[in-house]
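J.: Okay, handing you the structure first.
We did not get these values from a lab; they are worked out from the coordinates using the rules stated. Quick caveat, the model's predicted, so the values are computed rather than measured. Because the Cβ atoms are built from the backbone with ideal geometry, glycine has one as well, and the counts that use them run over all protein chains shown.
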Amino acid sequence: MTRKKVKNINLKITADALVQVSAPAKTSLEFIKSWLISKENWLFKNLNKVTLNQQVANQHSKISANTILLLGVPKSLQIVAAPKVQLQVQEDNIVLKLPENKLATHPQFLARELRKFAYQTFQQLLDEFEPLLREHQLPYPNLKIRKMRARWGSCHLFSQTITLNTSLIHAPSECIRYVLCHEFAHLKHFHHRQPFYNFLSQLYPNWREQRNILNRHYKFILN
Ligand SMILES: [Zn+2]
């Protein structure tokens, strides 16, 4: 925090994800604290954006520690030499193991391994809903993943296939569960009219909250 000859409190996030506050000299610390709390949503969204920008920027740099947002949690990436390609997702870290001769092209391996991880994670989440699907006499859908620009998921009724946006792997798992249930609901109602939402509420009562989190805080992952 810096005290400056400014009229208002200003908030800035630096490229390395530091929050900078400049405030008029006379503003009390208490006031600044409560003002910051009121900016929580903004901070949350923009810190995530910076984290993701860093990730994109670092993909073009040499091997270095950087951060990847995974299931809503920023994790630091470590790249280590090993005989076999492998991605290990730990509590705070992601470890990408690569043979020595592949280290230079690690971004392409990282993208591939993350995609694999996304598919496995989405499939596990889908599997958890098996009893619910059965209870509502819905078919057990096939799962596909794809990078999409404008939507979180889609449902193809004829082939009973649900497609999830690969980028959802950056969002919290509750948000992914909501998207899955939204698509499950389309197995019964093709439209977005009231009966659809009534049915969605049966499948996933908390859907509104998760939809808001996704659309307010994670829209940026679509880019
Ligand atoms: Zn829909």
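J.: Which residues, taken from the range 177-223, are aromatic (Phe, Trp, Tyr), within 16 Å of the ligand (Cβ to nearest atom) and closer than 24 Å to Lys75 by Cα?
T.: Across the range 177-223, the qualifying residue is only Tyr178.
J.: Working only within the range 102-151, note down all residues that are among the hydroxyl-bearing types (Ser, Thr, Tyr), farther than 17 Å from Ser173 by Cα and surrounded by 11 or more Cβ atoms within 10 Å (Cβ to Cβ).
T.: Tyr140
Yes or no, residue by residue, for (1) in contact (Cβ under 8 Å) with a residue 40 or more places away in the chain; (2) within 16 Å of the ligand (Cβ to nearest atom); (3) over 26 Å from Ile221 (Cα atoms):
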| position | (1), (2), (3) |
| --- | --- |
| Glu100 | no, no, yes |
| Ala118 | yes, no, no |
| Tyr140 | no, no, yes |
| Ala150 | yes, yes, no |
| Gly153 | no, yes, no |
| Gln160 | no, yes, yes |
| Cys175 | yes, yes, no |
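J.: Got a sec? Which of Glu174, Glu128, Glu91, Glu113 is of a type in the set (Asp, Glu) and in contact with a helix residue (DSSP H, G or I) (Cβ under 7 Å, 6 or more places away or on another chain)?
T.: Glu174
J.: Out of the residues in the range 137-164 meeting the condition of being assigned to a strand (DSSP E or B) and small (Gly, Ala, Ser), tell me which one is nearest to the chain's Cα centre (by Cα).
T.: Gly153
J.: Considering only residues that are of a type in the set (A, V, I, L, M, F, W, C), under 24 Å from Phe117 (Cβ atoms) and surrounded by fewer than 20 Cβ atoms within 10 Å (Cβ to Cβ), which ones fall in the range 166-223?
T.: Matches in the range 166-223: Ile213, Phe220, Ile221, Leu222.
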